[in-house]
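What follows is a single structure, written as C-alpha cells, with notes after it.
The values are calculated or read from the model by the stated rules, or taken from the named source; none is laboratory data. Nothing here was measured: the structure is a model prediction, and the numbers come from that model. Here the Cβ is made from the backbone with ideal geometry for all residues, glycine too, and neighbour counts use every protein chain on show. These area figures cover heavy atoms from the full protein model, side chains too; ligands, DNA and RNA do not enter into them. Shrake-Rupley method; radii C 1.70, N 1.55, O 1.52, S 1.80 Å.
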Amino acid sequence: MKVLVYPPNSLILTDLVERGGHEAVALMREIGEHVRDAEIDAPPLNVTEEDLKRALRYVSVEEPAGLKGRIGLLVPLLEEAEASVILSDAPPTFGCMGCAVADEFFKFLIRKKGIPTLEVKYEGGDKLEEAVEAIMAFLARLSQEGKATKSEKKG
Amino acid sequence: MGIETRLILISPDSDITPAQMKSRILSLISEDVAGIASADVILKETCYGALVEGEAETVRAIVREVRHMDEHGIFSKPRGFPIGDTRVCRATRKGGPRPGFHQLELEIGLLPKVREALDKIG
C-alpha cells in the first residue's frame, strides 16, 4: 500500500513505513523528479506551470504564491496516497512543512480525502517510543486489510 | 522505476561504522548479490553512513542487505538531489550548512529511541 508520510521528508516516518512492508510516498521522490527534469533551470527554486495548474485544483487563485507553489509540489503525493501517517506538532526540524498555512491546508486535504489516516502527536524525544509503536501497529493493520481485500477480489 | 538516491544512516548507538558499511556494500557489488554487480551504482561514505545511487530496485536491494548488519540500527530514506549535485554542494554554495542538515541532525539524535521501540516490538 502507498502510505503518505507527513512531515513529507521525515527520515523516521519514511523508514518505518518501509519496515512495515509498504511503499512510502515522500517528498524526496517528487523533488528528485523535478531536479532531474532538463526543462527546469535551477530546481527546486523554479515552480513549473504544471505545478501551479495542479495547485489551482485545490487552492483559490487569490491565495499567496508561496502557498500555491508548495501545494503544487505536494499534491502529487496526496493523489498517489492510499493511506497516511501524520506526526502532528513536530518541531520544524523534524521535517519540512513549508509554511504554517501550507502545513495546515495540506493536513486538511489529507483528512478530506478519506483515506485511512493515523495522527500521532509528537511529545518530545522521550515519548517517541509510544508513537513508533502506534505507527507500526497501524501499518500492520493496513497490511492485514490489504491482504483481506486481495483475497476478497480473488474469491 | 528510474534512478534513485538513498541515504543510509547508522543510529548513533550502533556498533557499525560508516567504513564497515561501505565495505559491506562494496562486497555486495563484488559478490553480485541480487544482480547488483551489473548495475551502475555510485556509493559515497559520509559521517552518518552512506549515500547510494542507482536503479531504484538495485538501491533497495542494497538497503535490504545492509540492514542485516544491524536490523534496528540502520535506517534509510530517499534523497531528491543526486550525489555530487553542485546546486546543494557546500563548496559551490559558498559554505553554510547543507540543505536538510538540521532536519537530519534532529532525526539522527532520535534514532536510539526508535531502536528501543523496534526492539520491544521485535
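Just from the alpha-carbon atoms, what are the Rg and Dmax of chain A in angstroms?
16.4, 52
Starting from the Kirkwood radius over alpha-carbon pairs of region B:3-121, derive D by Stokes-Einstein at 20 °C in a medium of 1.002 mPa s and give it in µm² s⁻¹.
Numbers: Rh = 15.0 Å.
After rounding, the answer is 143 µm²/s.
Summing +1 for each Lys or Arg and -1 for each Asp or Glu, what net charge is found among the other residues whose Cβ lies under 12 Å from the Cβ of B:Ile29? Kindly include the intermediate steps, with their values, before the conclusion.
Values: positive: B:Lys22, B:Arg24; negative: B:Glu31, B:Asp32, B:Asp40, B:Glu65.
Combined, the nearby Lys, Arg, Asp and Glu give -2.
Please find the FRET efficiency linking A:Leu109 to A:Glu33, where r is the Cβ-Cβ separation and R0 is fixed at 25 Å, and quote it to the nearest 0.05. It would help to have the intermediate numbers written out before the result.
Details: r = 20 Å, r/R0 = 0.81.
Working from the Cβ atoms, E equals 0.75.
Quote the Stokes-Einstein diffusion coefficient, in whole µm² s⁻¹, for region A:63-155, based on the Kirkwood radius over alpha carbon pairs, a temperature of 25 °C and a viscosity of 0.890 mPa s.
Values: Rh = 15.1 Å.
Rounded to a whole number, D works out at 162 µm²/s.
Once you put a point 7 Å from the Cα of A:Ser143 and another 7 Å from the Cα of A:Lys127, both along the Cβ direction, what distance in nm separates them?
Modelled inter-label distance: 2.8 nm.
Given A:Asn9, A:Ala134, A:Pro116, which one lies farthest toward the positive end of the charge dipole of chain A, if we put +1 on the Cβ of every Lys and Arg and -1 on the Cβ of every Asp and Glu?
Checking the options against the dipole of chain A, the answer is A:Pro116.
Is there a quick way to get the dipole size of region B:61-122? I mean about its Cα centre, with the Cβ of Lys and Arg at +1 and of Asp and Glu at -1; what is the value in debye to the nearest 20? Could the numbers behind the result be given before it?
Numbers: 12 positive and 8 negative charges, 86 e Å.
Dipole size: approximately 420 debye.
Cut-off under 13 Å on the C-alpha distance; same-chain residues fewer than 8 positions from A:Lys121 excluded. Which aspartates and glutamates are left, in chain and number order?
Here the aspartates and glutamates satisfying the reach criterion relative to A:Lys121 are A:Asp89, A:Glu129, A:Glu130, A:Glu133.
Longest span of chain A, sites excluded, free of GluC sites (Glu not before Pro) in DSSP loop with at most 10 other C-beta atoms within 10 Å? Please report the intermediate quantities before stating the final value.
Working: sites that count: A:Glu39, A:Glu62.
Excluding the exposed sites themselves, the longest stretch runs over A:63-155.
With Cβ to Cβ distances under 14 Å as the rule, what net charge do the other residues near A:Leu139 carry (K, R +1; D, E -1)? All intermediate terms of the calculation are to be shown ahead of the outcome.
Details: positive: A:Lys2, A:Arg19, A:Arg141, A:Lys147; negative: A:Asp15, A:Glu18, A:Glu23, A:Glu82, A:Glu133, A:Glu145.
Net charge in that neighbourhood comes out at -2.
Hey, what number do you get for chain B at 222 nm if only DSSP H runs of n ≥ 4 count, each worth -39500 (n - 2.57), divided across all residues, to the nearest 500? Write out the running numbers ahead of the final one.
On the way: 3 runs with 47 residues, N = 122.
After summing the helix terms and dividing by residue count, I get -12500 deg cm²/dmol.
Roughly how big is region A:2-154's charge dipole about its Cα centre, with Cβ charges of +1 (Lys, Arg) and -1 (Asp, Glu), in debye to the nearest 20?
Working: 20 positive and 27 negative charges, 131 e Å.
I would put it at about 620 debye.
If amide hydrogens are placed 1.01 Å from N in the peptide plane, which non-local residues have theirs closer than 5 Å to the one on A:Glu119?
Long-range HN contacts for A:Glu119: A:Ile86.
Once the protein assembly as shown is represented by equal point scatterers at the alpha-carbon sites, with solvent omitted, what log10 I(q)/I(0) does the Debye formula produce at q = 0.11, 0.12, 0.13, 0.16 Å⁻¹?
Result of the Debye calculation: -0.66, -0.79, -0.94, -1.41.
Calculated from DSSP H runs of 4 or more alone, at -39500 (n - 2.57) each and per residue, what is the 222 nm mean residue ellipticity of chain A, nearest 500?
Numbers: 6 runs with 82 residues, N = 155.
Value at 222 nm, helices only: -17000 deg cm²/dmol.
Please report the carbon-and-sulfur percent of the accessible area for chain B; probe 1.4 Å, protein heavy atoms only, DNA, RNA and ligands left out.
Numbers: 3180 of 5940 Å².
The computed percentage sits at 54.
Suppose every Lys and Arg Cβ carries +1 and every Asp and Glu Cβ carries -1, with no other charges. What dipole size does chain B come out with about its Cα centre, to the nearest 20 debye?
600
Count charges around A:Met1 for me, please; just the other residues with Cβ under 9 Å from its Cβ, Lys/Arg as +1, Asp/Glu as -1. Each step should come with its number before you reach the end.
On the way: positive: A:Lys2; negative: A:Glu23, A:Glu82, A:Glu145.
Computed value for this residue: -2.
Once you've got the Cα coordinates, tell me which of A:Lys107/A:Lys127; A:Lys2/B:Lys44; A:Lys53/B:Lys113 are over 32 Å apart.
Result: A:Lys53/B:Lys113 exceed 32 Å.
Please give the FRET efficiency for A:Lys2 paired with B:Lys94, using the beta carbon to beta carbon distance and R0 = 45 Å, rounded to the nearest 0.05.
Numbers: r = 39 Å, r/R0 = 0.87.
Efficiency for this residue pair is about 0.70.
Share of antiparallel DSSP beta bridges in the protein assembly as shown, in percent to the nearest 5?
Numbers: 17 of 29 bridges.
Of the beta bridges lying entirely in the protein assembly as shown, close to 60 percent run antiparallel.
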